[in-house]
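Report on one structure; see the data block that follows.
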Amino acid sequence: MSFFGVFYLALIIAMLVADFRFTNWSDMSSLLSDARVRFSIWLSLISCTIAAILSLWVAIPTGFVLARLGSESMTQRLGQRSRGFRRLFNGARYFIDTLLDIPIVLPPLVVGISLLVLFQTPVGRWLDQRTGEVFASLGYAGIRGITYEIPAVILAQFTVAAAFAIRTMRNTFEQIDDRPERVAVTLGASHYQAFSMIALPQAWRGIVAAFTLAWARSLGEFGPILIFAGTARMKTEVLSTTVYLNFQFGNLRGAVSASLILVTLAIVVLILTRLITLGGNSKKGVIV
Amino acid sequence: MDKVSPLLVVNNLGHVFSNRGREVRVFEGCSFEIDPAQFVAVQGASGSGKTTLLLACGGMLAPSLGGIRFQGSDLFSLSSTQRTQMRAIAIGYLFQTLELVPYLDLTSNVRIATGVSKTVANQWLGRLGLGDRVRSYPGELSHGQRQRVALARAIAHKPALVIADEPTGNLDKRNSELVFGVLREYAQDGGAVLMATHETSAVTFTDLVIDIENLDLTRAKDR
């Protein structure tokens with residue numbers, strides 16, 4: 001068992017070493033001197049951060065509700081209801097759970113195609129147009145809508161990252177005893193107060209983990225961005241598409257150098273997360 | 001003089017637990033009324049049903065027999081949400097298990113109760129001898145101090161009825177008298193208090209003592 005673990009660890013290290021040995025500082029330097037690559041780095045950092053914030057915004061309440069709907073106290077409360085109601089309730093809960101996991105299991109290209117098709121519907125087109133108008137009114141006339149524009153990059157990243165963030169937040173809240181929240185409601189706190197004063201402070205490590213996971217997932221996102229946002233340089237190019245474009249044009253050294261930037265960012269973020277989430281009940285920095 | 005309408009009316013209350021298929025009667029035929037500004041103690045041996053009675057009066061445990069009216073409403077004909085809303089505003093509850101939130105400081109623990117400002121929370125903590133510990137966490141206090149925090153939380157939002165389950169269980173004589181004194185003052189200010197206690201000294205502070213084992217009501221004037 002441990003032999004296979006060691007083998008897998010060796011594989012990861014060997015890949016990273018191979019990447020670093022394949023390229024050199026001058027390759028990296030020439031890549032970084034390219035304004036288009038610098039743009040893609042900035043766009044990656046900004047879009048990933050926005051996508052991660054949006055993911056958290058959705059994941060915290062959704063994860064909380066999902067965790068509490070499946071809690072032991074809810075099961076006890078359901079025990080007083082009819083068998084039919086219990087079946088309906090549990091069926092609806094599993095259905096919602098499954099729907100929220102779909103972006104995790106779908107091939108990334110399918111997510112991109114689905115988004116593209118969605119924005120070809122009348123509602124999608126209307127939203128696309130209105131978004132363009134909003135950006136124009138804000139002085140960003142260059143952003144003409146969602147599809148094949150920067151919002152498409154963020155939406156594509158968010159669509160996948162949010163599913164991972166929800167799963168993380170649900171696991172986090174499931175590990176937090178809901179008794180103090182129920183007592184607080186009994187004593188007069190509103191459900192929002194019980195959530196914000198009691199559950200949320202306990203969940204901060206999970207929130208950091210969910211943010212990091214969403215951010216890292218967004219950074220590595222490629223398929224949906226390729227289909228839904230395109231790979232227009234100085235427009236919708238992010239680091240993952242920089243790797244693809246360099247590879248596509250035969251510049252393997254450039255592709256590897258761009259990959260190393262991605263690898264470095266991912267490692268920095270993972271190390272930071274482990275440092276921040278060390279201690280407490282988080283099993284010493286393990287992302288739940 | 002007009003009779004004050006009672007705040008809490010307990011009518012022929014009884015409760016039966018099921019233990020391994022065997023019915024266990026905790027108490028039955030329990031009736032009493034609590035008026036505003038009245039301090040009532042429930043006494044009885046361990047296992048006699050004091051906590052069960054208090055939980056029922058707080059709307060947290062539906063009794064097997066009889067009924068409870070609070071502020072004119074039949075508690076258990078209300079929906080669970082309505083009961084929770086009523087309890088949030090009109091009932092302060094001190095659990096025997098205290099139920100303080102370990103990762104909130106004392107002020108925040110007291111502020112869990114409806115609409116309690118930071119100043120009011122700290123005033124109550126000060127009144128109960130914890131004024132210099134408001135930033136502490138429950139884990140840093142003795143059990144007796146934690147009991148006083150739980151009492152502050154039950155009282156701070158000025159509910160019409162305070163229900164206190166063994167509020168002096170782990171307190172020394174001086175602190176027990178401090179707690180009884182606070183509850184007595186609360187009753188004098190117009191709030192009703194229903195308290196379960198083992199302490200015999202409590203009778204000197206209360207208006208009515210209910211012996212749950214014999215269902216005997218003793219009024220202060222009769223003592």
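The values are calculated or read from the model by the stated rules, or taken from the named source; none is laboratory data. From a predicted model like this one, the values you see are computed outputs, not experimental measurements. All Cβ positions, even for glycine, are placed from backbone atoms using ideal geometry, and neighbour counts span all protein chains on display. Just the protein is used for accessible areas: all its heavy atoms, side chains included, with ligands, DNA and RNA removed. Shrake-Rupley method; radii C 1.70, N 1.55, O 1.52, S 1.80 Å.
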Scanning the stretch B:162-185 for residues that are in contact with a strand residue (DSSP E or B) (Cβ under 7 Å, 6 or more places away or on another chain) and open to solvent by 20 Å² or more (accessible area, probe 1.4 Å) gives B:184
Out of the residues in the stretch B:186-223 meeting the condition of being aliphatic (A, V, I, L, M) and open to solvent by 10 Å² or more (accessible area, probe 1.4 Å), tell me which one is modelled with the highest pLDDT. B:209
Do you know which of the residues in the stretch A:61-74 that are more than 18 Å from residue A:95 (Cβ to Cβ) and open to solvent by 30 Å² or more (accessible area, probe 1.4 Å) is nearest to the chain's Cα centre (by Cα)? A:61
How many of the residues making up the stretch B:106-121 are of a type in the set (Gly, Ala, Ser), open to solvent by 20 Å² or more (accessible area, probe 1.4 Å) and either more than 9 Å from every other protein chain (Cβ to nearest Cβ) or farther than 14 Å from residue B:137 by Cβ (or both)? 2
Got a sec? Which helices (runs of 4 or more DSSP H) wholly within the stretch A:163-263 have at least 3 residues that are under 17 Å from residue A:46 (Cα atoms), more than 14 Å from chain B (Cβ to nearest Cβ) and at pLDDT 90 or above? A:204-220, A:239-248
As an exercise: evaluate residue B:103 against (1) within 14 Å of chain A (Cβ to nearest Cβ); (2) of a type outside the set (D, E, K, R); (3) buried (at least 22 other Cβ atoms within 10 Å of the Cβ) and give the number of the one condition it does not meet. (3)
Quickly run through the stretch A:90-124 and pick out the residues that are over 25 Å from the mean Cα position of the chain (by Cα) and surrounded by 14 or more Cβ atoms within 10 Å (Cβ to Cβ). A:90
Selection from the stretch B:58-73 of residues open to solvent by 30 Å² or more (accessible area, probe 1.4 Å), out of contact with any helix residue (DSSP H, G or I) (no Cβ under 6 Å at 6 or more places or on another chain) and within 13 Å of residue B:13 (Cα to Cα) yields B:64, B:65, B:66, B:69
Would you confirm whether or not the stretch B:102-114 contains a residue that is over 24 Å from residue B:193 (Cβ atoms), at pLDDT 90 or above and under 21 Å from the mean Cα position of the chain (by Cα)? yes
Residue within the stretch A:160-171 that is among the polar types (S, T, N, Q) and closer than 30 Å to residue B:98 by Cβ present: yes
Report yes if some residue within the stretch B:70-81 is on the phi > 0 side of the Ramachandran plot and free of Cβ contacts under 8 Å to residues at least 60 places away in the same chain; otherwise report no. no
Residue B:86 passes all but one of (1) open to solvent by 10 Å² or more (accessible area, probe 1.4 Å); (2) within 14 Å of another protein chain (Cβ to nearest Cβ); (3) modelled with pLDDT under 85; which number fails? (3)
Verdict on residue B:135 being part of a helix (DSSP H, G or I) and open to solvent by 30 Å² or more (accessible area, probe 1.4 Å): no
Mind counting the residues in the stretch B:89-100 that are at the interface with chain A (Cβ under 8 Å from one of its Cβ atoms) and open to solvent by less than 20 Å² (accessible area, probe 1.4 Å)? 2
Do we find a residue being open to solvent by 60 Å² or more (accessible area, probe 1.4 Å), away from chain B (no Cβ under 14 Å) and either of a type in the set (A, V, I, L, M, F, W, C) or under 15 Å from residue A:58 (Cα atoms) (or both) anywhere in the stretch A:138-151? yes
Part of a helix (DSSP H, G or I), at the interface with another protein chain (Cβ under 10 Å from one of its Cβ atoms) and either of a type in the set (S, T, N, Q) or within 28 Å of residue B:214 (Cα to Cα) (or both) - does that describe any residue in the stretch B:60-67? no
So which strands (runs of 3 or more DSSP E) are wholly in the stretch B:1-57 and hold at least 1 residues that are surrounded by fewer than 16 Cβ atoms within 10 Å (Cβ to Cβ) and of a type in the set (Asp, Glu)? B:22-34
Looking at the structure I just gave you, is residue B:149 of a type outside the set (Asp, Glu) and surrounded by 21 or more Cβ atoms within 10 Å (Cβ to Cβ)? yes
